[in-house]
1. Quickly run through the range B:602-642 and pick out the residues that are in contact with a helix residue (DSSP H, G or I) (Cβ under 9 Å, 6 or more places away or on another chain) and either farther than 27 Å from residue B:171 by Cβ or among the acidic types (Asp, Glu) (or both).
2. Being within 14 Å of another protein chain (Cβ to nearest Cβ) and assigned to a loop (DSSP other than H, G, I, E, B) is the requirement here; does residue A:160 meet it?
3. If you scan the range B:499-528, which residues turn out to be closer than 30 Å to residue B:473 by Cα, among the polar types (S, T, N, Q) and in a loop (DSSP other than H, G, I, E, B)?
4. For the range A:120-148: of the residues being among the basic types (Lys, Arg) and away from chain B (no Cβ under 14 Å), which is farthest from residue B:16 (Cα to Cα)?
5. Would you tally the residues in the range B:467-490 being touching a residue at least 60 places away in the same chain (Cβ under 8 Å) and either assigned to a helix (DSSP H, G or I) or surrounded by 18 or more Cβ atoms within 10 Å (Cβ to Cβ) (or both)?
6. Hey, among B:666, B:660, B:610, which residue is out of contact with any His (no Cβ under 9 Å at 6 or more places or on another chain), surrounded by 20 or more Cβ atoms within 10 Å (Cβ to Cβ) and part of a helix (DSSP H, G or I)?
7. Going residue by residue through the range B:141-157, is there one that turns out to be closer than 30 Å to residue B:495 by Cα and either surrounded by fewer than 21 Cβ atoms within 10 Å (Cβ to Cβ) or in the same structural domain as residue B:495 (by TED's automatic domain parsing) (or both)?
8. I'm checking my understanding of the structure. Among residues of the range B:318-336 that are within 13 Å of chain A (Cβ to nearest Cβ) and surrounded by fewer than 22 Cβ atoms within 10 Å (Cβ to Cβ), which one is modelled with the lowest pLDDT?
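The values are calculated or read from the model by the stated rules, or taken from the named source; none is laboratory data. What you are looking at is a predicted structure, and each value in this text was computed from that prediction instead of being measured. For neighbour counting, all protein chains shown are included, and Cβ atoms are generated from backbone atoms with ideal geometry for every residue, glycine included.
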Amino acid sequence: MKTILVSLNEATRTVNSGRHKITLLDNINLNVEEGEFISLMGPSGSGKSTLLNCIGMLDNFTDGGYTFLGQPVHRMKEKNRSKLYKEYIGFVFQAYHLIDELTVYENIETPLLYKNVKSSERKAMVADMLDRFNIVGKKDLFPIQLSGGQQQLVGIARALIGQPKLILADEPTGNLNSKQSEEIMELFAQLNKEGVTIIQATHSESNAAYGSRIINLLDGKIV
Amino acid sequence: MILNYIKIAFRTLRKNKGYSFLNIFGLAIGITCASLIFLWVEDELSFDSNFPKQDQVYFVSTHQEYEGEWRTFGSTPGPLAEAMKAEIPGVVRASKTRGLDLLFSVGDNVVNRFGRYVDNDFLDIFSLTFIEGNSAEAFKNPESIVITQATAEQLYGEHEKVVGKILKVNSTDNYLISGVIENLPNNVSYPFAWLAPFERYGRDKEFTREYGSFFADTFAELSPDADFEAVDAQVRNLLQEQTGDADSKAFLHSIKDWHLRADFENGEQVGGRIDSVKLFTVIALIILLIACINFMNLSTARSEKRANEVGVRKAMGSGRARLMIQFISEALILAFIATLVSVILLLVLLPQFNLLIEKDLVLGLSKPSHILFLLGIAIICGVFAGLYPAFYLSSFKPVEVLKGLKVTQGSATFIRKGLVVGQFTISIVFIVSTILVYQQIQHVKNRDLGYSKDQLISMKVTGAMIEKFSVIKQDLKNTGAISNVGLSNSNILNGGNNGSNLTWTGGVDTEDILISFRLVNAEFFETTGMELKEGHGFSENRAKDSASVLITESFAKLMGKGSAIGKKVTLDDTYTVVGVVKDFLYGDMYGASDPVLFLNYHDEASFMYLKTNSEIPTNDMLAKVEAVMKTHNPAFPFEYSFLDETFNAKFKSEQLVEKLSQLFALLAILISCLGLFGLAAYTAEQRSKEIGVRKVLGASVSGIVKLLSKDFLKLVGISIVIAIPMAWYAMENWLQNYAYRIEINGWIFVIAGVVAIIIAMVTVSFQAIRAAIANPVDSLKTE
């Protein structure tokens, strides 16, 4: 029996826009087991990003239950929530979102700083990661000096450095050409094989195919 | 972690050079300015603090009542010091003193130095340190003199082996040097270059032993456990008993108040320099505040650029506190750099500042208090300036900023605008104050003095100047450089001898009116240009005037209606008024002067006035006068002053306010402009897409410049509205200090407002024009 990582029960997200209440996510029921590679698909505005953000605890469901590793996230205080995602979740963004003022090395190191990892350990972990992604030679470069694919590689390395159980990737290849895309998806597949759970949002059928399960969203509902 | 912050702070700095420059430079100017003021304040506060007995030393002054008004004088009768010591239990030491200039000559080396004839107690009251000799032996011989180290060096080129030498004084007397004391610091209220036994001064002067003559400066030391109130009251009683005069109240003025709290009004202490100290401290803080506001403004304006970083860091697991620490650290780093820059600025500017305020301030970076102060200022500015950006930036929600949504800037924009309004309000208040202070000083300087201060040279009477007066006068006139020579017993600009023991025709309660006496020669009036309103002046033949006086118009009024000519004034003898002179101004340049009585008697003259011929160049004129003086008064150096310069010097403290307010206004405007410049740059950048679209749609460059400038001008407009009542209130208050003052004129506010608008326009339009002439293709393609 595999561990259930994420469990959503009638999870709903609404926003108020003027006098109207808009439902972004409508009664989502979803269980994600450890080791799964899920692709969220659907047209723009269907709620993929909102769902990822809510699972990633950067945003909250307004209704319904959300359990992460058996802990009821919907009943947690902000502080505990942030502790939880810091520990278990890594983010990969479409626009990479590297910090321009930091070098590759420092970008990858940042999450460790927030986890209060000791300096010597940090060095070893970052070195491992640079090695693993074959970017040792680029460690002192700034993001602006890298190609898009290389930047996303750093983004993934940064997401992985904290050894998360779950990687949330919002259109990770949206800004890349097809060759770079393919490389990134291969990397995800490789990581998934090594045991990392991944949820990605994507428009691309071919990218979605890398996943073990595809979930289609439309107007905030799973279809 | 901290290292990470520092690293990122420096990289941000380097990446945004223009922004960093505005930020650091603005703060550095603020810190420099505040530091200069605080150095001055420190100096003011440290006056007389080098004397160890801070709680025990007092100066005896008196309040005296004339015409229902209490005035305050520093002089006391000679016997008071000894009587206080003998009769009042709390007084352990007391000294009467008399301050004078003495002329010392050692060979060809002739110097004039101010010092005091004192009682032996004086040495111990001020705990003076002897380098040679000692306080117990110093005054054993009444012909002795103690000099400061600096005086010794000036006279002998050294300060050792000086004791025992004979010093020639005023080219006639011989004093024995019995001691050398350490130099006094510059910030001493009653400085002196020498001290000699009072006995030597008072030997042939009967008045020094009587209670009737108030001439001495009296210092007293109380025992540590003395009850101040009781001693103060006893001194008052003592003087009243001895003089039998209830209108003269002695009081003790503490050494701690000599410099800072020395203004008295109607018998009450009403402040003094302490008011300026407080005012400038507040101004320093305001300038720091403006600089910090700049910092906040520029930081929050750049928030959009940092928003992404905040989002990423939060997604990576950073809590809000950590982000705040990060942003405050960045602000601190900037503040420290600014402080370093300001230390450099201080090193460059301090000599100029010293010239301006006529002081000798030193930066004193080796003093721990100064280092602590600078560190403190850096930390306070850093934290204060960084706090708001830290709060604001760290509040961004990662979901929103990472999605690339525009940061909602409602509150930040409002606060930013508020801060700009605040800065400009302060700047406008400074502009208005600067104009008004300038006007007030000019107003008083241009006041009709009742005499002409121009082309007038003043010399102190020394040596044989009186004996040989007629020859000197003739020789001076023969040079063609001098047209008139006058003599007077007191400086025309200052008070001088006065008294209330006269009676006159038509006089009521004459003992209640203070009259000034001037002992002058006949030519004094012509020399100074004083105007004769009635009757005639004095005669060259003094014998003719043995029973004549001239009086001023205000005196004539006291004699009742009709011409004062022929009326009588009784002093010791009875005199007849032969002429009435227009009132003239002396003493307090802002008030009205007491009535004056002139006698044709110049034997006790202390000042010689020369009216110069304006056609002769100053240097030639001085050379000619010097030649005459050298011939007839060879033992004394030729020393002189121009009366108009002495007159200007009377406005020192007002002129300090004037100069400093100009400086502060300039700095406040400069700092505010830096901030406005940065904001304008930011706005232009933020609206570049809008500008691009507008241009594509056909907007003109001038239209866009107007669009971008309009908002800022609105803010300046609001500032003007707020600043006017503030400035009016503050300056009306300031002007109340002066009896003779200007009215505040409405157009000053118009000028200040226009100046502020022009400055803001120039600052903003530079950025606006740059944005408006940019190619829209560049700004649109990035989106």
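1. B:611, B:612, B:613, B:616
2. On the way: within 14 Å of another protein chain (Cβ to nearest Cβ): yes; assigned to a loop (DSSP other than H, G, I, E, B): no.
Against the criterion (within 14 Å of another protein chain (Cβ to nearest Cβ) and assigned to a loop (DSSP other than H, G, I, E, B)), residue A:160 does not qualify.
3. Passing the criteria: only B:521.
4. Selected residue: A:132.
5. Quick first cut of the range B:467-490, residues touching a residue at least 60 places away in the same chain (Cβ under 8 Å) only: B:468-469, B:471-472, B:475-476, B:479-490.
Then keep just the ones that are either assigned to a helix (DSSP H, G or I) or surrounded by 18 or more Cβ atoms within 10 Å (Cβ to Cβ) (or both); that gives B:469, B:471-472, B:475-476, B:481-482, B:484-490.
Number of matching residues: 14.
6. Result of the check over B:666, B:660, B:610: B:660.
7. Scanning the range B:141-157 turns up no residue that is closer than 30 Å to residue B:495 by Cα and either surrounded by fewer than 21 Cβ atoms within 10 Å (Cβ to Cβ) or in the same structural domain as residue B:495 (by TED's automatic domain parsing) (or both).
8. B:319
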